[in-house]
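Written out below as structure tokens is the structure these notes cover.
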Amino acid sequence: MRRKLAAGNWKMNGIGADLAEFEALARAHPRPDCEILICPPASLLHRAAEAASDTPIAVGGQDCHSEAKGAHTGDISAAMLRDAGASHVILGHSERRADHDERSEDVRAKARAAISEGLTAIICLGESLAEREAANTLDIIAGQMSSSIPDMVTGENLVIAYEPVWAIGTGKVPTLEQIGEVHDSIRAMLEARFGQDIGGAVRLLYGGSVKPSNADEIFAVSNVDGALVGGASLKAADFSGIICALENS
Ligand code: PGA
């Protein structure tokens, strides 16, 4: 049985005052039936980990460098994330692929570093609108999978988030059939590469405009084990609605 995961990606949002959302979330979900993760900006990570201690909420980073330390101004290593209290890290988000020219090979190197440090890597994949319209989605996902995912995978240390680029922050969501088709094909590729035990244990999240109002139907799709949520994770009231939908799925 895969434990369901509701993961929030705060992106470049959040200052100290927003940690009140952690308290509200923990109050609303003292004993959740799923894992809850929030990935705040790096500047808040340590305080977020303190706010989340003694609650079921885990905290994670939004990126890490592939090297352990060194002359990389502005970057953060997996060990640093871990030291600040993170248990997970999002890697290869499409905003990083676009804004920082991250290629799948970079994502794989980062995932190696994160997993070696004991973090769970949440690797993001997804097609652009042009790729979807050209009916290339499954090929694009297959290419991103084989180049972004390192070999050292156990069922536990990897989570994959399918996030169509055109659905992120736009209010547009693929059809349930489209989500199911991609998730089933990711599962099949994982099982082919890592075997059924490991490939069957990796959790697959859907991400892109998930809201309390569409979460129920998305969580009913096969091989959807949770969500990676941007905008609707910033306020406990919204994220809580998504968590409830996941608990009830
Ligand atoms: P969104 O972002 O929920 O605001 O669409 C999702 C993401 O980028 O992870």
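Where a number appears in this text, it was derived from the coordinates with a stated rule and is not lab data. As the structure is a computational prediction, the values presented were derived from the model and not from experiment. Heads up, the Cβs are rebuilt from the backbone with ideal geometry, glycines too, and the neighbour counts pull from every protein chain shown.
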(message) Suppose R0 equals 41 Å. What FRET efficiency, 1/(1 + (r/R0)^6) with r the Cβ-Cβ distance, do ARG112 and GLU50 give to the nearest 0.05?
(response) 0.90
(message) Compute and list, largest first, the equivalent-ellipsoid semi-axes of the stretch 11-81 from the alpha carbon gyration tensor, each √(5λ) rounded to a whole angstrom.
(response) 26, 13, 9
(request) Rank-order 204-212, 72-80 by packing density, defined as the average count of other C-beta atoms within 10 Å over each peptide's residues, highest first. (result) 204-212, 72-80
(request) Subtract the Cα-Cα distance of ASN13 and ASN248 from 0.36 nm times their separation in residues, and report this length gain in nm to one decimal. (result) 81.7 nm
(message) Using the crude model of +1 on Lys and Arg Cβ and -1 on Asp and Glu Cβ, and no other charge, please compute the dipole size for the stretch 180-249 relative to its Cα centre, in debye to 20.
(response) 220 debye
(message) Going Cα to Cα from LYS211, which lysines come in below 24 Å? Please leave out same-chain ones fewer than 8 positions away.
(response) LYS4, LYS11, LYS172, LYS235
(message) So if I take the centroid of the Cα atoms in the stretch 194-231 and the same for the stretch 123-141, what is the distance between those two points in Å?
(response) 17 Å
(request) With N set to the residue count of the chain, report its C-alpha Rg divided by 2.2 N^0.38 Å to two decimal places. (result) 0.93
(message) Using the crude model of +1 on Lys and Arg Cβ and -1 on Asp and Glu Cβ, and no other charge, please compute the dipole size for the chain relative to its Cα centre, in debye to 20.
(response) 300 debye
(request) Could you work out, for the stretch 1-125, what percent of all Cα-Cα pairs fall into each 10 Å distance bin, beginning at 0 Å and stopping at the bin that holds the largest distance? (result) 13, 45, 32, 9, 0
(message) Roughly how far apart, in whole Å, are the Cα centres of the stretch 1-55 and the stretch 68-112?
(response) 20 Å
(request) Could you sort 124-131, 89-96 so that the peptide with the highest average Cβ count within 10 Å comes first and the rest follow in order? (result) 89-96, 124-131
(message) Can you give me the orientation-averaged projected area of the convex hull built on the Cα atoms of the stretch 177-243, in nm²?
(response) 4.5 nm²
(message) Could you tell me the relative contact order of the chain? Use alpha-carbon pairs under 8 Å, at least six residues apart, and round to a whole percent.
(response) 21 percent
(request) Report, ordered by chain and residue number, the lysines lying within cross-link reach of LYS110, taken as a straight Cα distance under 16 Å and ignoring same-chain residues fewer than 8 apart. (result) LYS69
